[in-house]
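Q: Got a structure here, written out as structure tokens. Questions coming.
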Amino acid sequence: MTLNVSRRSALLGLGSAISLGGASLAVAAAPGEKRLVVVLLRGALDGLAAVAPYGDADFIGQRGVLAPVMPGQPGGLLDLGGFYGLHPALAGMHGLYQANELLVLHAIAGATRSRSHFEAQDNLEFGTPDHANGPRMTSGWLNRVATGLAPTSHAELAFAVGSVVPLMLRGPAPTGTWLPATATHPGTDLYARIAALHRPDAITGRAIRDGLRDRGFSEAVLAGAEAPRTTANSFPALAEAAGRLLADPKGPRIAALELGGWDTHAAQAPRLAGVLGQLDRGLIGLKTGLGVAWAQTVVLVMTEFGRTVRANGTNGTDHGTAGVAFALGGAVAGGKVRATWPGHATPKLVEARDLAPTADLRALAKGVLVGHLGLAGGQLGTIFPGSGDAAPMAGLLRG
């Protein structure tokens, strides 16, 4: 993937926003050699599938048809030390874990308890407990991070590619945009969802099904029993491009990436395997693109909320509460799972259905901002208003 710089923006301006299929990228300038990448998984990743607590005595029974294959068996979990296991599609991340470059944070959630994607994503990106009813924010928390840093010499190479800037990186910094031609086609997952929506209709359902079949969609995908192939490895391509941008000595230092496809209400097992593979290849691509700069990088992977412990009637999961987050990079003190585990016995679940949260995503981000980017503790109240109850996490970084 070749990116040509054709625009320049002002100091601390947005660096890049690329959109391909269900993935997008935005980059901003910042001082120094430390890099920060935030990956937002839109649609609510099922953290219990991504990192299964197979050692919890109540987990397998509660999980039912979505219970994972145990470590050591064909297609089984990738063990993380005897209690947790990574989904088998995350082999690259497992390698990072073994190299002490991946930290797993489980039973974690944002400040909001809304099960609405829109509200939860807005609150996560604005960095507020309740954006609608709290202080009205006009910028995202990552944009406020950039404006809170010292002046930078990297603005000369700031540029924007794409049509949409993530809320977390919107703010007073001016942006320019360029939209690659490959971004004009929706991802295959969207087509499959349209087919599922119209399936019961005798007229439109058949017409859409026939049209998609002509475009190469299989009967299994059209019936909702199999996940569609995603668009030409778009997220891995974007992630590696982001790594190269961040690795440039005069390039940007802060990036936000998005990956959709996590709202697995039906046929979760095959659908999730595909998008987890995209995430895994993307994160390894990001490391490849960064090269030696990986040693000075922290990547935060987060989603708006988790999903229900038990499967629904269509072998999927519904909107939940706590889930999983990841911190990875050469600057991360990885090789462990960090969690105050709440358990899966029904009385311990939120409303008898969701994993209970015992950690806050804002505390995770704060720990990185202070320990990695060197922001002062007094700046955190501006970046995350109303977050006094979420103290910065310690022990996230090497040294």
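The values are calculated or read from the model by the stated rules, or taken from the named source; none is laboratory data. Since we're looking at a predicted model, the values are computed, not measured. Cβ coordinates were reconstructed from backbone atoms using ideal geometry, including for glycine residues, and neighbour counts include every protein chain displayed.
Q: Out of all the residues in segment 97-125, which are closer than 30 Å to residue 83 by Cα, out of contact with any Lys or Arg (no Cβ under 9 Å at 6 or more places or on another chain) and not hydrophobic (A, V, I, L, M, F, W, C)?
A: The answer is 98, 112, 113, 114, 115.
Q: Can you pull out every residue in segment 316-335 that is outside any loop (DSSP other than H, G, I, E, B) and more than 18 Å from residue 63 (Cβ to Cβ)?
A: Selection gives 325, 326, 327, 328, 332.
Q: In segment 336-370, how many residues are assigned to a loop (DSSP other than H, G, I, E, B) and touching a strand residue (DSSP E or B) at 6+ places or on another chain (Cβ under 7 Å)?
A: 9
Q: Another question, then. Could you tell me which of the residues 306, 261, 329 is within 16 Å of the chain's Cα centre (by Cα), surrounded by 23 or more Cβ atoms within 10 Å (Cβ to Cβ), at pLDDT below 95 and among the small types (Gly, Ala, Ser)?
A: Selected residue: 261, the only one of 306, 261, 329 that is within 16 Å of the chain's Cα centre (by Cα), surrounded by 23 or more Cβ atoms within 10 Å (Cβ to Cβ), at pLDDT below 95 and among the small types (Gly, Ala, Ser).
Q: Additional query: Sort through 291, 313 and tell me the only one that's of a type in the set (Gly, Ala, Ser) and part of a loop (DSSP other than H, G, I, E, B).
A: Selected residue: 313, the only one of 291, 313 that is of a type in the set (Gly, Ala, Ser) and part of a loop (DSSP other than H, G, I, E, B).
Q: State whether one or more residues within segment 370-381 are under 25 Å from residue 93 (Cα atoms) and either outside the structural domain of residue 269 (by TED's automatic domain parsing) or of a type in the set (D, E, K, R) (or both).
A: no
Q: Test residue 365 against the criterion of being farther than 18 Å from residue 148 by Cβ and at pLDDT 95 or above, and give yes or no.
A: Taking the combined requirement at face value, the residue does not satisfy it.
Q: List every residue pair whose Cβ atoms sit under 6 Å apart, with the two residues 6 or more apart in sequence or on different chains, where the first one lies in segment 317-345 and is over 25 Å from residue 121 (Cβ atoms) and the second, anywhere, is of a type in the set (A, V, I, L, M) and crowded, with 22+ Cβ neighbours inside 10 Å.
A: Listed by first residue and then by second, the contacts come to 331/298; 334/102; 334/103; 337/80; 337/104.
Q: Which number in (1) assigned by TED's automatic domain parsing to the domain that holds residue 270; (2) part of a loop (DSSP other than H, G, I, E, B); (3) within 18 Å of residue 305 (Cα to Cα) marks the one condition that residue 390 misses?
A: (1)
Q: Give me the pairs, please: first residue somewhere in segment 66-83 and farther than 21 Å from residue 267 by Cβ, second residue anywhere and in a loop (DSSP other than H, G, I, E, B) and of a type outside the set (Phe, Trp, Tyr), beta-carbon distance under 6 Å, and either six or more positions apart or on two chains.
A: Pairs found: 70/76; 71/77; 79/71; 83/55.
Q: Confirm whether residue 76 is assigned by TED's automatic domain parsing to the domain that holds residue 318 and either more than 17 Å from residue 338 (Cβ to Cβ) or surrounded by fewer than 16 Cβ atoms within 10 Å (Cβ to Cβ) (or both).
A: Taking the combined requirement at face value, the residue satisfies it.
Q: Identify the single condition in (1) surrounded by 22 or more Cβ atoms within 10 Å (Cβ to Cβ); (2) modelled with pLDDT under 85; (3) not in a helix (DSSP H, G or I) that residue 241 does not satisfy, given that it satisfies every other one.
A: With (1) surrounded by 22 or more Cβ atoms within 10 Å (Cβ to Cβ); (2) modelled with pLDDT under 85; (3) not in a helix (DSSP H, G or I) applied to residue 241, the lone miss is (3).
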